[in-house]
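What follows is a short report on a single structure.
Just so it is clear, none of the values below were taken in a lab; they were calculated from the coordinates. All values reported here derive from a predicted model rather than from experimental measurement. Cβ sites come from the backbone with ideal geometry, for glycine too, and all protein chains shown count toward neighbours.
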Amino acid sequence: MTTVAHRRDPRTEWIIRNRLHPQHEALFASQNGPVRGPTGLIRKNPHNVGFIGPNGLKRIDRLEGNSSNVISINRQVRQVIEPEKPLHKVEQPDFHILVVPDLAGGRLTEQDKDVLGQAHTLANVEGSKGAVVAVIFGEHRETGLDQAGVDRLIHLEGSDYEDYCPELKLAALATIEQQLSPKHWLFPDSIHGGADLGSRLAATLGERPAVQAWQVNNQQATCRAASDSIDINRETPKILLLAEECADAVDETRHEVLPVTVDELIGTQTTLTDHGFMAVDPNSIPLAEAEFILAAGNGVSNWDLFHEAAEQLGATEGASRVAVDNGHMPRFRQVGATGTWVTASVYLAVGISGAIQHMQGIGQCQTVIAINTDANCDMVKRANLSVIGDSEEVLKELLLLIKEYREALSHAA
Ligand SMILES: Cc1cc2nc3c(=O)[nH]c(=O)nc-3n(C[C@H](O)[C@H](O)[C@H](O)COP(=O)(O)OP(=O)(O)OC[C@H]3O[C@@H](n4cnc5c(N)ncnc54)[C@H](O)[C@@H]3O)c2cc1C
């Protein structure tokens, strides 16, 4: 056995620790390897964090290299290449877990992803292996099905599925039930279609579904009831309507997304007619229910421009408390701990710093976009995408882009 003794020079160590000593810089620079404290333990030097920027000032990257979500106004985008995740394969599944995601807006919602995560917990049974099969109706824009945990995909294409057509979808699910005899059917318990379709399938198959299920394993399902005041435990049934955050989304594996074809559909006669969506004023939608919010903070100075941007984007207006206190927005538009807690799919924060009380109100938002002059503010750290620049400049450019986009659409039509 060999031991290596550290020969210590207490005076040099003291100078290295003492930033005010005239020889500190020279000795600190000549120092290779770790600094040891008076007890011999290795010490971390907090002053080593960061680097000297081009203007000679010290800069600390608080995003810790995770800056791919920041766009500066001159449109330079830095990209981070993520390592590839291991591929999860199910060669010969012993059983199938069917998931019918909402795909609201053509993309998997956070709840859809949690439901897929739940499906994998039910597919991993000791001694046998199940495959998670997603059923998707009509066109979609989702590109991350492999990352979200889809082993097999039944994609029922065609414009027939674009409108509200529960009878047609139910016919497809009944056909799949006959073809695959899945162990479980999983739906998001949501207003986007999951609760409706799941209940219809349960009635058709004569099953009693678990609704608002939030803790599920292969033996037992725990469901919220009586306005969330009690939990009901029951044996895990065949059909589950799952609450938000029922499980963790898949994030450590990739999946094959192998296509599965469906036999000819049984009973496709429909009696319902969809008359389409009704146009509503986005500002008449209660903040708590709004899907797309454009929120203003203290960094907004041109309020006419802000209102015009909200109108052109078709967004519901929100505000920080400072914007409300300063009299620019009514009190009922305040987002945050003492305002409204919002659950929008897209929350676009213009000139909002991201104080903790504001952040509490947007915790459930799916995608947060920040427009701010300060690349280090908390809103930019929370945002999925940030535009660093003056709010007036960015909103003006946004309006120009909307105009160009609409003109291109009308020329194409
Ligand atoms: C008990 C309590 C409850 C509270 N409840 C709430 C609440 O419910 N909701 C809430 O929002 N706050 C709440 N607050 C207030 C909160 O602490 C913050 O003060 C507030 O959220 C800050 O609002 P702001 O981000 O708009 O303003 P500021 O903190 O002033 O931030 C302005 C932001 O705009 C940026 N900016 C400046 N100029 C520009 C420009 N030209 N272009 C682009 N960006 C620019 C700045 O970089 C900054 O990030 C509460 C506080 C307390 C004490």
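Inspect all residues belonging to segment 237-249 and state whether any of them is β-branched (Val, Ile, Thr) and either in contact with a His (Cβ under 6 Å, 6 or more places away or on another chain) or not in a strand (DSSP E or B) (or both). No - not one qualifying residue is present in segment 237-249. For segment 311-331, the tally of residues that are hydrophobic (A, V, I, L, M, F, W, C) and more than 12 Å from the ligand (Cβ to nearest atom) stands at 2.
Filtered by the rule that a residue be among the β-branched types (Val, Ile, Thr) and either within 16 Å of the ligand (Cβ to nearest atom) or on the phi > 0 side of the Ramachandran plot (or both), segment 273-290 gives no residues. All conditions in (1) farther than 20 Å from residue 302 by Cα; (2) crowded, with 16+ Cβ neighbours inside 10 Å; (3) under 18 Å from the mean Cα position of the chain (by Cα) hold for residue 364, with the sole exception of (2). Scan segment 291-310 and give yes if some residue there is within 7 Å of the ligand (Cβ to nearest atom) and surrounded by fewer than 18 Cβ atoms within 10 Å (Cβ to Cβ), otherwise no. The answer is yes, given that some residue of segment 291-310 is within 7 Å of the ligand (Cβ to nearest atom) and surrounded by fewer than 18 Cβ atoms within 10 Å (Cβ to Cβ). Put simply, of 385, 399 the only residue that is surrounded by 14 or more Cβ atoms within 10 Å (Cβ to Cβ), more than 9 Å from the ligand (Cβ to nearest atom) and either over 16 Å from the mean Cα position of the chain (by Cα) or more than 26 Å from residue 104 (Cβ to Cβ) (or both) is 399. Annotation: of all residues in segment 336-356 being under 19 Å from residue 286 (Cβ atoms) and within 6 Å of the ligand (Cβ to nearest atom), the one that is surrounded by the most Cβ atoms within 10 Å (Cβ to Cβ) is 336. Here the condition is being in contact with a strand residue (DSSP E or B) (Cβ under 7 Å, 6 or more places away or on another chain), of a type in the set (Gly, Ala, Ser) and within 26 Å of residue 343 (Cβ to Cβ); of 148, 172, 210, it holds for 210 alone.
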